[in-house]
Each structure stands twice: as structure tokens, then as C-alpha cells.
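Q: This is the structure, below, for whatever I ask next.
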Amino acid sequence: MKLHSTIMSEVMNTTQDPFYFILTGIPGFEAYHIWISIPCCCLYTISIMGNTTILTVIRTEPSLLQPMYLFLSMLALTDLGLTLSTLPTVMQLLWFNNQKISFEGCFAQFFFLHAFSFMESSVLLAMSFDRYVAICRPLHYATILTNSVVGKMGLAILCRCVLAVLPSLFLLKRLPFCRSHLLSHSYCLHQDMIRLVCADIRINNWYAFAVVLLIIVMDPLLIVLSYILILKSILHTASWAERLQALNNCLSHMLAVLVLYVPMVGVSITHRFAKHAPPLVHVIMANIYLLAPPVMNPIIYSVKTKQIRHGIFHLISQRSRHLR
């Protein structure tokens, strides 16, 4: 009751002071924030250590400087960005009950959070193209996917995602926030912030719909198309052993795709068809969508990719020798 009244007083103060938003954290569990911070801290630590390890292994192993692993390093960088974009506000709220975030800080978090989310999808699309070329056109793999081409694809992904998010940022920033400044998560989401606007948001909604179609819908469709072509090519191979080998080469990527898009679909369904569900349901779904890819991707690629696994063992053995 005391915590609830504290939140309400903060909301009243923030409504008068238009330079802050209020983050609610996990509604109904405010008294347990310090305990909830333990698994959250563990997940953030796993994400940071796992993705940093993947990047270190790829950088230090000359045999891994190939297109497939360069794309994997892009995925690890994206996951690190996604993790670090929300880490400060989430842990600050859970540890110190600091619910205030400045307008500038909230818009910056909104930009990085959505940009890195779109990058995750774009990198997985690029990785599906890599798998398509490796399996369907193996003799031309080295000439099609050179390091220069991979670098240009990475730059195109960066430009695509930044240019997709920037208009949303400017369209939202021009609008007045006069209803309330209370956000329903531990970080700043576009769909959460736009609910607080007291002006015409039709342009924002149409632009958001266009971005969803061009990235969140188009990317998985193109990934599915690439795997249809891959399966068609695999079925024309001579032996079951070759077919299994080809599928095994794609397994890590397929799992990473599922880890991203299954929670994304879950969040979309919850927002669309479960608007009257308890706020806790929406918060849990949003946190799963946020944390699942950065935590699971390093585990998936460490377990399923032999070269990465050997690189990690080699890195550990080198460090242990230095410590002796």
C-alpha cells in the first residue's frame, strides 16, 4: 500500500514536471523487486558474458574469419546492444526503486531498443541468405559472400534499422504528453509511450504499421522462403547423410529464428487479443521477448556449432595457462 501511494505521488509530481517518465516495473510485485532482481541480474550476466565470449572467440581464431562467423559476430553485437540498452533502467528500478527516467533518456532508450530489435531480425535474414548460398550454391560461396560483401551487408543492416526508427522518434517527440507519464514497463517502448499522447497519432500509427510490414513481417517471410529453397535443394542430394549434414548446418540458425519470432508473435497476440489481461502478463511477455534472444543465442551457437565450441575450449585453456 505504501509502495502504491509512492508511485501515485510520483505520477502526480511528474505530471506537473514534464521532464520525466515513471517506470512501473512489475506491477503487484513491487515489494519483491529486490528478489526479482536476482534472476534478472543472472540473465543479463549470461547475455553479456556469452555474447562477449562469442565475439572474443571469433576475433582470436583466424579460422573463424568466414562469412558465417562474421554474421554471427554481428548477431552477438546486436544482442549486446539490446541487453545494454535496458540494463541500467531495469536494474536501477529493481535495486533502488528509482522509477524516474528523463524524457531525453527515455527517447534514447526507445531508439536503441527498437533499432537493435530490428537489427536482430535483419541479421537473422542475412544469415539465412548465407545458409542458402552455402547449401544451394556451394561452388560460388567464396565468390558471392566475400568479406567485402559481408561488410557492406552489415552497413546496409545498420542504415536500414536506424532509418526505420528515426522517423518514429521524431514523430513521437513532437507530440504533447499530457495524460500521464506512467509507463507500464521497466524500460521505454514505443507502444507504451504513444498511449500517453493527447493528440492525433494517426501518422505515427500508419508509419509504425509500415515499419512492421517492412521488417517484422517481411524478414520472417524471406527467411521462410530461403528455407523452402534450401529444403528443395537438400531433397535433390544423393544421400541421407548429406541431407542430415546440411540440416545440421542450419539448425543453430533455425533455433535462433524461433527464439526471436516466437516471443515476438506472443507479444503481438497478447497486445492484440488480450488487452484486458492483467498488466503482469504483458510485462512478462515483453521481458521474455527482450531477454530470450540475447541469453539463448550464445548458448545455442556454443552448443550446436563445433567450431565455436572448440574456440571456447581453446580460449579457456589459453587463459588457464596464463594464470599458472
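The values are calculated or read from the model by the stated rules, or taken from the named source; none is laboratory data. Everything numeric in this text was worked out from a predicted model, so none of it was measured. Note that we place each Cβ from the backbone using ideal geometry, even for glycine, and neighbour counts take in every protein chain shown.
Q: Within the range 22-54, which residues are in a helix (DSSP H, G or I), β-branched (V, I, T) and either within 16 Å of M285 (Cα to Cα) or within 20 Å of the chain's Cα centre (by Cα) (or both)?
A: Within the range 22-54, the first condition is being in a helix (DSSP H, G or I), and the residues that meet it are 30-54.
Now narrow it down to the ones that are β-branched (V, I, T): 34, 36, 38, 45-46, 48, 52-54.
Of everything in the range 22-54, those that are in a helix (DSSP H, G or I), β-branched (V, I, T) and either within 16 Å of M285 (Cα to Cα) or within 20 Å of the chain's Cα centre (by Cα) (or both) turn out to be I36, T45, I46, I48, T52, T53, I54.
Residue-by-condition table, conditions (1) of a type in the set (S, T, Y); (2) more than 18 Å from the chain's Cα centre (by Cα); (3) modelled with pLDDT of 85 or more:
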position	(1), (2), (3)
C188	no, no, yes
N205	no, yes, yes
V212	no, no, yes
L221	no, yes, yes
V281	no, yes, no
P293	no, no, yes
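Q: Identify, please: which residue in the range 59-74 is among the polar types (S, T, N, Q) and either under 21 Å from the mean Cα position of the chain (by Cα) or assigned to a helix (DSSP H, G or I) (or both) and is, among those, modelled with the highest pLDDT? I'd like the intermediate steps shown before the answer.
A: Keep residues of the range 59-74 that are among the polar types (S, T, N, Q), which gives 60, 63, 66, 73.
If we keep only those that are either under 21 Å from the mean Cα position of the chain (by Cα) or assigned to a helix (DSSP H, G or I) (or both) as well, we get 60, 63, 73.
Details: T60: 87, S63: 83, S73: 95.
So, considering only residues that are among the polar types (S, T, N, Q) and either under 21 Å from the mean Cα position of the chain (by Cα) or assigned to a helix (DSSP H, G or I) (or both), the one modelled with the highest pLDDT is S73.
Q: Mind listing whichever residues of the range 169-195 are without any contact (Cβ under 8 Å) to a residue 24 or more places away in the chain and closer than 23 Å to H276 by Cα?
A: Scanning the range 169-195 gives R179, D192, I194, R195.
Q: Still on this model: Can you name the residue in the range 195-218 that is within 24 Å of A115 (Cβ to Cβ) and in contact with a Phe, Trp or Tyr (Cβ under 9 Å, 6 or more places away or on another chain) and, of all such residues, is surrounded by the most Cβ atoms within 10 Å (Cβ to Cβ)?
A: Here the residue is I215.
Q: Return yes when D192 is within 30 Å of H33 (Cα to Cα) and surrounded by 12 or more Cβ atoms within 10 Å (Cβ to Cβ) and no when it is not.
A: Values: within 30 Å of H33 (Cα to Cα): yes; surrounded by 12 or more Cβ atoms within 10 Å (Cβ to Cβ): yes.
Against the criterion (within 30 Å of H33 (Cα to Cα) and surrounded by 12 or more Cβ atoms within 10 Å (Cβ to Cβ)), D192 qualifies.
Q: When you look at S268, is it part of a helix (DSSP H, G or I) and buried (at least 16 other Cβ atoms within 10 Å of the Cβ), yes or no? Spell out how you get there, then give the answer.
A: Numbers: part of a helix (DSSP H, G or I): yes; buried (at least 16 other Cβ atoms within 10 Å of the Cβ): no.
Considered against the rule, which asks whether it is part of a helix (DSSP H, G or I) and buried (at least 16 other Cβ atoms within 10 Å of the Cβ), S268 comes out as no.
Q: Where residues in the range 250-272 are of a type outside the set (S, T, Y) and modelled with pLDDT under 80, which of them is farthest from the chain's Cα centre (by Cα)?
A: The qualifying residue farthest from the chain's Cα centre (by Cα) is R272.
Q: Considering only residues of the range 74-107 that are surrounded by fewer than 22 Cβ atoms within 10 Å (Cβ to Cβ), out of contact with any strand residue (DSSP E or B) (no Cβ under 8 Å at 6 or more places or on another chain) and of a type in the set (G, A, S), which is nearest to L182 (Cα to Cα)?
A: G105
Q: If you scan the range 161-185, which residues turn out to be surrounded by fewer than 18 Cβ atoms within 10 Å (Cβ to Cβ), over 17 Å from I203 (Cα atoms) and of a type outside the set (S, T, Y)?
A: V162, C178, R179
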